[in-house]
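First comes the structure, then the notes that go with it.
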Amino acid sequence: MNHVTLLAAEKLGNPAVNIGIFVAFVVITLFIVIRVGRRNTNAAEYFTGGHAFTGPQNGIAIAGDYLSAASFLGIAGAIAVYGYDGFLYSIGFLVAWLVALLLVAELLRNTGKYTMADVLSFRLKQKPVRLAAATSTMTVSLFYLLAQMAGAGGLVALLLDIHGRAAQSLVIAVVGVLMIVYVLIGGMTGTTWVQIIKAVLLITGAAFMTILVLAKFGLNFSDILGSAQEMVSKATTKGVSSRDVLAPGAKYGTTTTSKIDLLSLGIALVLGTAGLPHVLMRFYTVPTAKEARRSVVWAIALIGAFYLFTLVLGYGAAALVGPDTILKAPGKENSAAPLLAFELGGTILLGIISAVAFATILAVVAGLTITASASFAHDVYASVLKSHKVTEDEQVRVSRITAVVLGVAAIGLGILANGQNVAFLVALAFAVAASANLPTIIYSLYWRRFNTRGALWSMYGGLISCIVLIIFSPAVSGAKTSMIPDADFHWFPLSNPGIVSIPLAFILGIIGTLSSRDTGDPVLNAEMEVRSLTGVGAEQATHH
Amino acid sequence: MSTTDIHHEPPPSGADYLAMQASPEFAELRSRLRRFVFPTTAFFLIWYATYVLLGAFAHDFMATKVWGNINVGLLLGLGQFVTTFLITGLYIRFANRELDPRAAKLRAEMHWVEQ
């Protein structure tokens, strides 16, 4: 370990440079958002960008949405300190896209308009199904949002050298306010451009760092692995030196329970993506099902490449920075990628990577907010409360108010959760999406007999079981790493509920459907099936 | 009928949708799609589940060195990337050849014109 890295652990790079590059990002993106925001004249523009993005543009934006700070900092960090088990995460996140590509994206684009609930309620009873879908949309988005905002606090401490609680809260508030501005002015068009810019910066930055790491080791990946293991083996941090970081087991390998936990996590990751409302809503930003397909192909290529980069970066951070330095830094394992950037390219590269990490939080939070607020306006307000007797302009107005409320709530929760161990919230968001949303999406697209009772049992059953199991899991109480370490009311042994709640939701969908005589409206069933497969009747792009 | 008239066609009625759903061409499109996506989904889910199970329970097997520090676990993990990219490519080829022309023909039969 060299002298520079030791210094870096205390004070990383030059906070002024980090802030400067971030401010430049904000200024450029705000300028673009204000320019495209002028086009937000109607609801289709505000909620979907007029269905007028191309497949590649949307694919890049999806990658921007998906590669959150948790993906970038979290996975690189997990590989740096746990090795292979971090890599397992990224594989689940990637393979999951095949579910979206093969089963969901195109049929969803053909059937829906603005939200996930459009598809789920198409041939079922509108009000109860929309309410259930909106409830789970907002739950998933809130968990995801909270995880991003809470992570912002740690990042502030690390990158801007701000350690006071009040000052950190102020930065979280600034991030939240910026996000609200993006959403209000830019709508889906502006948010999409922010995602695109951020994705390009993030992926280019990661690619550049990967090349630097590979160059240091003469393009020999085996040498990187060897050096990483060597650094881990001589680490002085308690419990680290005994890890075999080249094989699975360092994080999840100790007991049978933790092995089943890994399996449970794997199931939730692979089935969760195609049920994430903010990912699903992105499919409406393109004009046709074919463009939706192209979006996913671009997303798979970019996300796949990115996870291969993080594999090199994670082991590279272990080899070049070392687990001791990483774990002593303010953000612990989340600081692996920034520390590596500093090691490789000094202050400037660190500044760029830091700015990208902030931009990531900002962009992902904006995407979540527009999804949740669209669902509230379109599904709850317009459909459930007002029985469709509202204009689309009114829906946009309600959605904007909701976005402000959600933004303020996100700031408040982010400040409260600052420093809390809420990393499990992202995994929980995937588990809820896989339990509450995916079964109903699949059934309503592929099973003609599926009916309202099946949908409600599956959605509420999946949602409630998921949340109850997590409340009574070791992630919340009863362990040193719990959210509430001093209390112990856990009885469910796993931290990941997916292995129970996902099959339960699929089964409830079948039992609910078959126990009801309701076979639906044959005309609506025919319309949905024909529309989903051929594109007849699908929403059209509003401009080119 | 001239092409300009098509834009003024009324949207398809419920009867049109029922007739299309019952037509053999539509059944053909649906069954082609399902015959591709269901087995492929089953394949990649089983392959992924096998991989995660090995990752959870077969540490020694995964740690078997193959070349230098590259072990079986790493190769299987990279294999997941390869199959994901491969399935994506195969599906694109399948959809362009088998699904898109059929769907376009059915849209034309229902006089649905995209802008």
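Before we move on, is B:A63 at negative phi, crowded, with 20+ Cβ neighbours inside 10 Å and free of Cβ contacts under 8 Å to residues at least 60 places away in the same chain? No: the conditions fail for B:A63. Can you find even one residue in segment A:414-422 that is without any contact (Cβ under 8 Å) to a residue 40 or more places away in the chain and either crowded, with 21+ Cβ neighbours inside 10 Å or among the hydrophobic types (A, V, I, L, M, F, W, C) (or both)? Scanning segment A:414-422 turns up at least one residue that is without any contact (Cβ under 8 Å) to a residue 40 or more places away in the chain and either crowded, with 21+ Cβ neighbours inside 10 Å or among the hydrophobic types (A, V, I, L, M, F, W, C) (or both). For the residues A:V364, A:V384, the requirement of being out of contact with any Lys or Arg (no Cβ under 7 Å at 6 or more places or on another chain), within 26 Å of A:E45 (Cβ to Cβ) and β-branched (V, I, T) singles out A:V364. In segment A:171-183, is there at least one residue being touching a Lys or Arg at 6+ places or on another chain (Cβ under 9 Å) and assigned to a helix (DSSP H, G or I)? The answer is yes; a qualifying residue exists. Exactly one residue among A:A372, A:A289 is within 12 Å of chain B (Cβ to nearest Cβ), surrounded by 24 or more Cβ atoms within 10 Å (Cβ to Cβ) and of a type in the set (G, A, S), and that residue is A:A289. Taken over segment A:35-61, the criterion of being under 11 Å from A:W193 (Cβ atoms) and part of a helix (DSSP H, G or I) is satisfied by A:R35, A:V36, A:G37, A:G49, A:Q57, A:I60, A:A61. Can you go through A:A78, A:A147, A:A96, A:A132 and tell me which one is touching a helix residue (DSSP H, G or I) at 6+ places or on another chain (Cβ under 7 Å), of a type outside the set (V, I, T) and under 25 Å from A:N525 (Cβ atoms)? Answer to the check: A:A132.
Only one residue in A:L269, A:L263, A:L327 is under 30 Å from A:K216 (Cα atoms) and aliphatic (A, V, I, L, M). Which one? Let's see the steps before the verdict.
Numbers: A:L269 fails: under 30 Å from A:K216 (Cα atoms); A:L263 fails: under 30 Å from A:K216 (Cα atoms).
Answer to the selection: A:L327.
Has segment A:278-288 got any residue that is more than 23 Å from the chain's Cα centre (by Cα) and within 21 Å of A:L101 (Cβ to Cβ)? So far as segment A:278-288 goes, yes, one or more of its residues are more than 23 Å from the chain's Cα centre (by Cα) and within 21 Å of A:L101 (Cβ to Cβ). Scanning segment B:68-99 for residues that are facing chain A (nearest Cβ under 7 Å) and over 27 Å from A:A299 (Cα atoms) yields B:G68, B:N69, B:I70, B:N71. Take the conditions (1) over 28 Å from A:L145 (Cα atoms); (2) among the aliphatic types (A, V, I, L, M); (3) more than 9 Å from every other protein chain (Cβ to nearest Cβ); A:M281 misses just one of them, which is (1).
Selection of segment A:82-122 for residues being assigned to a loop (DSSP other than H, G, I, E, B) and within 11 Å of chain B (Cβ to nearest Cβ) yields only A:G83. Can you tell me which of A:T237, A:T189 is in a helix (DSSP H, G or I) and either over 30 Å from B:H59 (Cβ atoms) or modelled with pLDDT under 85 (or both)? Being in a helix (DSSP H, G or I) and either over 30 Å from B:H59 (Cβ atoms) or modelled with pLDDT under 85 (or both) holds for just one of A:T237, A:T189, which is A:T189. Somewhere in segment A:393-407, is a residue under 26 Å from A:A228 (Cα atoms) and polar (S, T, N, Q)? Within segment A:393-407, not a single residue is under 26 Å from A:A228 (Cα atoms) and polar (S, T, N, Q). Would you say A:A409 is more than 14 Å from chain B (Cβ to nearest Cβ), on the phi < 0 side of the Ramachandran plot and surrounded by fewer than 24 Cβ atoms within 10 Å (Cβ to Cβ)? Spelling it out, A:A409 is indeed more than 14 Å from chain B (Cβ to nearest Cβ), on the phi < 0 side of the Ramachandran plot and surrounded by fewer than 24 Cβ atoms within 10 Å (Cβ to Cβ).
Taken over segment A:67-81, the residue count meeting the criterion of being under 15 Å from the mean Cα position of the chain (by Cα), part of a helix (DSSP H, G or I) and away from chain B (no Cβ under 14 Å) is 6.
What number of residues within segment A:199-232 satisfy the criterion of being within 14 Å of chain B (Cβ to nearest Cβ), part of a helix (DSSP H, G or I) and of a type in the set (G, A, S)? Outline the logic, then answer.
Taking segment A:199-232 as the starting set, the residues that turn out to be within 14 Å of chain B (Cβ to nearest Cβ) are A:217-232.
Next, from what is left, pick out any that are part of a helix (DSSP H, G or I): A:221-232.
Restricting the remaining residues to those that are of a type in the set (G, A, S) gives A:222, A:226-228.
So the count comes out to 4.
Out of segment A:453-509, which residues are in contact with a strand residue (DSSP E or B) (Cβ under 8 Å, 6 or more places away or on another chain) and in contact (Cβ under 8 Å) with a residue 40 or more places away in the chain? Within segment A:453-509, just A:M483 meets the criteria. B:A56 fulfils the conditions (1) among the aliphatic types (A, V, I, L, M); (2) over 19 Å from A:D85 (Cα atoms); (3) buried (at least 19 other Cβ atoms within 10 Å of the Cβ); (4) without any contact (Cβ under 8 Å) to a residue 40 or more places away in the chain except for a single criterion, (2).
Selection of first residues in segment A:233-259 that are within 13 Å of chain B (Cβ to nearest Cβ) and of second residues that are in a loop (DSSP other than H, G, I, E, B) and of a type in the set (F, W, Y), restricted to Cβ pairs under 9 Å at least 6 apart or on distinct chains, gives the following pairs, ordered by first then second residue: A:S258/A:Y252; A:K259/A:Y252.
The criterion of being exposed (fewer than 12 other Cβ atoms within 10 Å of the Cβ), among the small types (G, A, S) and under 25 Å from A:A299 (Cβ atoms) holds for B:A42.
Quick one: is A:F47 of a type in the set (F, W, Y), on the phi < 0 side of the Ramachandran plot and touching a helix residue (DSSP H, G or I) at 6+ places or on another chain (Cβ under 8 Å)? So A:F47 passes the test.
The values are calculated or read from the model by the stated rules, or taken from the named source; none is laboratory data. Everything numeric here is computed off the predicted structure, so don't read it as measured data. Here the Cβ is made from the backbone with ideal geometry for all residues, glycine too, and neighbour counts use every protein chain on show.
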